[in-house]
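Just below is one structure, and these are the notes that go with it.
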Amino acid sequence: MEDEEVFAVTHALPFSWIREGSVQGIRIDHPDGLRDPAGYFARLRREFPQVWIVVEKILEPEEELPSDWPIQGTTGYDFLNLVQGLFVDPSGEKPLTSFYADFTGQGTDFHALVKDCKRQVIREL
């Protein structure tokens with residue numbers, strides 16, 4: 001996104017929708033993959049100060065969006081994960097955990113599994 005031509009070509013269509021008034025907001029997926037997310041958002045904000053800008057970024061507990069990102073917030077997946085928990089019967093956890101262990105042959109320590117998967121992503125991607 002730091003390259004002027006790449007930025008222009010990538011954003012040509014959505015920017016045309018904003019200019020014609022068909023779109024009033026944009027969602028940016030996974031901005032952590034950018035070299036300079038704050039600079040990118042500042043540029044979007046300069047181009048379109050009136051546009052509602054949200055990011056798809058699932059915040060970890062205790063994590064906050066960087067204060068130098070001039071955006072309205074996240075798409076809300078972190079909140080939706082909490083709400084979704086209202087519709088899950090806790091009594092189903094034990095049979096599902098047991099099935100998972102039988103099916104995969106792996107232990108059932110969820111936090112260790114998440115940690116291992118995150119490390120695998122870092123190593124391989």
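Odds and ends about this structure:
- Counting the residues of the stretch 50-75 that are in a loop (DSSP other than H, G, I, E, B), aliphatic (A, V, I, L, M) and touching an Asp or Glu at 6+ places or on another chain (Cβ under 8 Å) gives 2.
- Entry remark, the stretch 76-92: residues being among the hydrophobic types (A, V, I, L, M, F, W, C) and not in a helix (DSSP H, G or I) number 1 in total.
- Inter-residue pairs, beta-carbon under 6 Å, first aromatic (Phe, Trp, Tyr) and in the stretch 26-50, second crowded, with 16+ Cβ neighbours inside 10 Å, 6+ apart: Tyr40/Met1; Phe41/Trp69; Phe41/Ile71; Phe48/Ile18
- Cross-chain or 6+ apart pairs with Cβ under 8 Å, the stretch 102-118 first and outside any loop (DSSP other than H, G, I, E, B), then polar (S, T, N, Q): Leu113/Gln106
- Pick from the stretch 1-44, criterion of a type in the set (Gly, Ala, Ser) and in a helix (DSSP H, G or I), ranking: nearest to Glu64 (Cα to Cα): Ala38
The numbers here are math on the coordinates, done by the rules we state, and not lab data. Every value quoted in this text rests on a predicted model; they were computed, and no experiment measured them. Glycine also receives a Cβ, built like all others from the backbone with ideal geometry; neighbour counts cover every protein chain displayed.
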